[in-house]
Amino acid sequence: MSATIDIVFEVLLIALLATGSFFTLIGAFSLIRLSEFFKRLHGPTKASTLGVGCMLVASVGYHAFSGTDPQPRELLITAFLLLTAPISAHLLAKAGLSLRLDERPRLPGSAEDTHVPPRPDGAPDETH
């Protein structure tokens, strides 16, 4: 019976690591492939946070499973990640809005994005 529980627990840890790796890969892919600043900001802050969180849960589970001395580093990393990721994303978005990155011209050869939201102050769009 104990061997069956060990195998199930190992499969659960493997699933957590695979899920974490998948979400981290999706976050990195979205950072590279998405077209504009605000779209690129969303992928790494959400998907990578979930991916690293799954990997940290797998690490805590492994240390609990193997019976090694539990270290608080995984919990500290998780707390730091969950506190800093939303704050940094919010500050980057505010900086992008204040710099009016949505109004800047596209780079040559980049895909055209026809959706440009109107300015909040209602002023006409300026061409740079």
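A 1.4 Å probe, protein heavy atoms only, puts the accessible area of Lys39 near 80 Å².
The value obtained for segment 1-87, namely the Cα convex hull volume divided by the number of residues, is 76 Å³ per residue. For the pair Thr4 and Phe80, label points projected 7 Å from Cα toward Cβ lie 4.2 nm apart. Length gained on full extension, Leu34 to Arg100, computed as 0.36 nm times the residue gap minus the Cα-Cα distance: 22.0 nm.
Please sort 15-21, 4-10 by packing, taking for each peptide the average over its residues of neighbouring beta carbons within 10 angstrom, highest first. Write down the numbers at each step before the final one.
Values: 15-21: 16.1, 4-10: 10.9.
In descending order of packing, they fall as 15-21, 4-10.
Extension gain for the segment Leu91 to Gln71, taken as residue separation times 0.36 nm less the Cα-Cα distance, is 4.0 nm to one decimal. By a 1.4 Å probe calculation restricted to protein chains, His63 has an accessible surface near 40 Å², given to the nearest 10.
The values are calculated or read from the model by the stated rules, or taken from the named source; none is laboratory data. Owing to the predicted nature of the structure, the values given are computational and were not obtained by experimental measurement. Positions of Cβ are backbone-derived with ideal geometry, glycine not excepted, and every protein chain shown enters the neighbour counts. Each accessible area value is taken on the protein alone, full model and side chains, heavy atoms only, with ligands, DNA and RNA left out. Shrake-Rupley method; radii C 1.70, N 1.55, O 1.52, S 1.80 Å.
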